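The values are calculated or read from the model by the stated rules, or taken from the named source; none is laboratory data. In this text the structure is predicted, and so the values were computed from the model without any measurement. Here Cβ is always computed from backbone atoms with ideal geometry, including for glycine, and neighbour counts include all displayed protein chains. Accessible surface is based on the protein model in full, side chains and every heavy atom, while ligands, DNA and RNA are left aside. Shrake-Rupley method; radii C 1.70, N 1.55, O 1.52, S 1.80 Å.
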Amino acid sequence: MTSSTPARISIFGLGYVGCVSATNLAAAGNTVIGVELVPEKVDAINSGSVPLFEPGLAELAALQVEEKRLSATADTTAGILATDISFVCVGTPSLPSEKIDLSAIEAVCRDIGKAIAQKATRHVVIIRSTVLPGTCDRCVEVIAEASGKSCPEDFAVVSNPEFLREGTALKDYEHPPFTVVGASRPEDAQIVGDLYAHIDAPLFLTDLRTAETIKYACNLFHATKVCFANEIGRICKSLEVDSHAVMEIFCADDKLNLSPYYLKPGYAFGGSCLPKDLRAIMALSREHHVALPMLERILESNRQQVELAIKTVLATGKQKIGMLGFSFKPDTDDLRESPHVALAEALIGRGKNVMIFDPHIQTSRLMGSNRKFIDEKISHVSELMVGSLDEVIESSECIVIGNKDAHYEGILDRVRDDQIVIDLVRIDKERTSADGYHGLSW
């Protein structure tokens, strides 16, 4: 299937990502020129081959060369002058300091800038390489300095991270989980998005830094999943349990285990299950002399999120703190290991005047382990509870939103200009930290 409007595209860097991208963009009906300093790679493409092995890629590339949609050159200026869109696909390896090496990216952008200086038409530069947030802004500076031209009037820099796996790259290109394009202007993002119009996958047009960050979020999560599965495997083997049978059943749950449910930045976890079960497994692992370093650090990471909330509230300098939500999640009265209890306890310890509204909690009705937990943490909690949301709004200098209970909907429209809101759950997904509103991690 071909694009409805063929484009003239140059691909800088004919390594793995560059070759796969160039070949597939040509197969979509575009005219593609690969730009590469290594002569052997240029010769390979022009002879109808590719300088690497990927199942099916050489055959597809040969067809595109035969159809005169794909070629290669070592001449940067020629590549730029003959095209309107450039993909930057050069490597970004690690330096000895473990920082990312952007020297190849900057060198290519500098060359592109020098070539753009000779153009009368606007040029779009797409950063396909994996780069940290803010890199595209640096690329704009380099190109502007080298070209003497302005962004976005004369050129644009767009982020379009790749999600290709070696060995399945052709399939991944045609059937990606999604396509992400980030730009400072929506119209520039759309220019790049149109290159993928023939691909049946969700298209996300966003800002530059979000697009740059998503690749890292994906890769870090993949790394986390590998370590998680391996640590489950270690403890399973020590107990003579079939780890693959466990994980096969685990992966069958797409409501919680493989879903977005727990993957939204916010406050710490709590309740009667997660903290207790983590501690139980860690105790068992120590008994069996099995190291589980990733799982071992989860409770510490969770504690640091509570500390972040405490610091954020204290940084306001306000004395009267109103808390909305006290149980560990909405629509329950379970206070066991609720991180909101830890927050209230810390604020009281710092001499703050704390008031709490939670429509699901009546201290007179708490019993059993729920009552025991709260008595041990904050024995005088009944004195802190108030009966309505209005009381919190009326009397607080700082309001902490602790969960997404329906009772708190519209709260941001009711607070006064002199009040500060600390949101632990992003009750309004459109709001980010500004003025008197502070999101915990956004």
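Structure values in brief
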read-out	value
Total residues in segment 270-294, condition part of a helix (DSSP H, G or I) and out of contact with any Cys (no Cβ under 9 Å at 6 or more places or on another chain)	14
Residue that is most open to solvent (accessible area, probe 1.4 Å) [pool: residues in segment 1-21 that are at pLDDT 95 or above and closer than 15 Å to residue 195 by Cα]	8
Candidate set: segment 270-303, residues that are closer than 20 Å to residue 325 by Cα and not small (Gly, Ala, Ser); chosen: the one most open to solvent (accessible area, probe 1.4 Å)	303
First in segment 379-392 and open to solvent by 70 Å² or more (accessible area, probe 1.4 Å), second anywhere and aliphatic (A, V, I, L, M), Cβ under 8 Å, 6 or more apart	391/355
Verdict on residue 40 being over 24 Å from residue 156 (Cα atoms), open to solvent by 50 Å² or more (accessible area, probe 1.4 Å) and of a type in the set (Asp, Glu)	yes
Selection from segment 112-142 of residues that are over 16 Å from residue 9 (Cα atoms) and either of a type in the set (A, V, I, L, M) or open to solvent by 70 Å² or more (accessible area, probe 1.4 Å) (or both)	114, 117, 118, 120, 131, 132, 138, 140, 141, 142
Pairs where the first residue, in segment 235-246, is more than 17 Å from residue 278 (Cβ to Cβ) and without any contact (Cβ under 8 Å) to a residue 24 or more places away in the chain and the second is surrounded by 12 or more Cβ atoms within 10 Å (Cβ to Cβ) and among the basic types (Lys, Arg), C-beta under 9 Å, 6+ apart	243/234; 243/237
Residue within segment 262-269 that is open to solvent by less than 100 Å² (accessible area, probe 1.4 Å) and either among the acidic types (Asp, Glu) or over 26 Å from the mean Cα position of the chain (by Cα) (or both) present	no
Given (1) assigned to a helix (DSSP H, G or I); (2) among the polar types (S, T, N, Q); (3) loosely packed, with under 13 Cβ neighbours inside 10 Å, index of the condition residue 259 fails	(1)
Within segment 52-111, tally of residues that are modelled with pLDDT of 95 or more, surrounded by fewer than 18 Cβ atoms within 10 Å (Cβ to Cβ), among the hydrophobic types (A, V, I, L, M, F, W, C) and part of a loop (DSSP other than H, G, I, E, B)	2
